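Enquirer: After the structure tokens below, expect a handful of questions from me.
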């Protein structure tokens with residue numbers, strides 16, 4: 001029996017729900033990117049983060065079951081009217097255009113500060129908001145519920161918040 005013929009095993013991880021309807025759901029492992037199509041929907045919704053265990057759905061093992069849910073939370077991403085904080089502005093001032101600085105938040109979460117050309121700030125904010133799956137996958141990995149995007153000319157801050 002080759003490795004590819006071996007039955008898939010249950011997998012415990014954190015997943016982002018990328019698709020959900022009445023009959024099925026698609027979960028993406030936020031650590032390795034593997035996608036798991038569920039044979040049914042156990043009540044999850046798009047943009048949920050689910051910490052749990054998936055296992056192959058017998059007998060053919062082409063779909064998966066969510067066999068255990070340890071935690072489930074809804075994630076959100078939004079653009080804030082507030083400008084970046086003084087700390088975020090300070091981080092941006094200390095880095096060249098095109099750079100990203102990551103800094104842990106006090107408590108839970110993380111700050112990402114990106115410097116961009118002043119005239120490209122709105123496009124950079126749109127890029128973050130449009131890359132919803134990657135941004136929310138990062139939020140799920142960090143164990144937070146909310147992503148807030150703030151901007152000022154030349155500075156975009158992505159705040160991963162509890």
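Derivation of every value follows stated rules applied to the coordinates shown; laboratory data play no part. As the structure is a computational prediction, the values presented were derived from the model and not from experiment. Neighbour counts are summed over all protein chains in view; Cβ atoms, including those assigned to glycine, are modelled from backbone coordinates with ideal geometry.
Enquirer: Between 13, 80, 24, which gets the highest mean-square fluctuation from a Gaussian network model of the chain, Cα cutoff 10 Å?
Expert: In the Gaussian network model the winner is 80.
Enquirer: Which value in Å is the Kirkwood Rh of the stretch 77-162 over different Cα pairs?
Expert: When all Cα pairs of the stretch 77-162 are included, the Kirkwood radius is 12.6 Å.
Enquirer: Working out 0.36 nm times the residue gap between residue 24 and residue 76, then minus their Cα-Cα distance, what length gain in nm do you get to one decimal?
Expert: 16.6 nm
Enquirer: Quick check on the stretch 3-74: take the gyration tensor over C-alpha atoms, sort the square-rooted eigenvalues as a ≥ b ≥ c, and tell me if it's rounded (a/c under 1.5), prolate or oblate.
Expert: prolate
Enquirer: Separate question: With the cut-off at 1.5 for a/c, could you classify the chain from its C-alpha gyration tensor as rounded, prolate or oblate?
Expert: prolate
Enquirer: Could you state the angle between the C-alpha long axis of helix 132-142 and the longest principal axis of the C-alpha atoms of the chain, as a value from 0 to 90 degrees rounded to the nearest 10?
Expert: Once rounded, one gets 80 degrees.
Enquirer: Report the full-extension gain for the segment residue 93 to residue 31: residue separation times 0.36 nm, less the Cα-Cα distance, to one decimal in nm.
Expert: Length difference between fully extended and current span is 19.2 nm.
Enquirer: Could you sort the peptides 107-113, 15-21 by per-residue average Cβ neighbour count (10 Å cutoff), highest mean leading?
Expert: 15-21, 107-113
Enquirer: On to the next question. How large is the helix-only mean residue ellipticity at 222 nm for the chain, computed as the sum of -39500 (n - 2.57) over DSSP H runs with n ≥ 4, divided by its residue count, in deg cm²/dmol to the nearest 500?
Expert: One gets -5000 deg cm²/dmol as the mean residue ellipticity at 222 nm.
Enquirer: Given a Förster distance of 22 angstrom, what is the FRET efficiency for residue 40 paired with residue 12, based on the Cβ-Cβ distance and rounded to 0.05?
Expert: 0.65
Enquirer: Once each part is reduced to its C-alpha centroid, what is the distance from the stretch 23-50 to the stretch 70-91 in angstrom?
Expert: 24
Enquirer: Contact order normalised by length for the chain, with contacts defined as Cα pairs under 8 Å and 6 or more residues apart; what percent is it?
Expert: Relative contact order comes out at 20 percent.
Enquirer: Just want to confirm a number: the relative contact order over the stretch 3-74, from Cα pairs under 8 angstrom separated by 6+ residues, in percent.
Expert: This gives 30 percent for the stretch 3-74.
Enquirer: Let me ask something else. Which of 92, 106, 139 ends up with the largest GNM mean-square fluctuation for the chain, with Cα atoms connected below 10 Å?
Expert: Maximum among the listed residues: 106.
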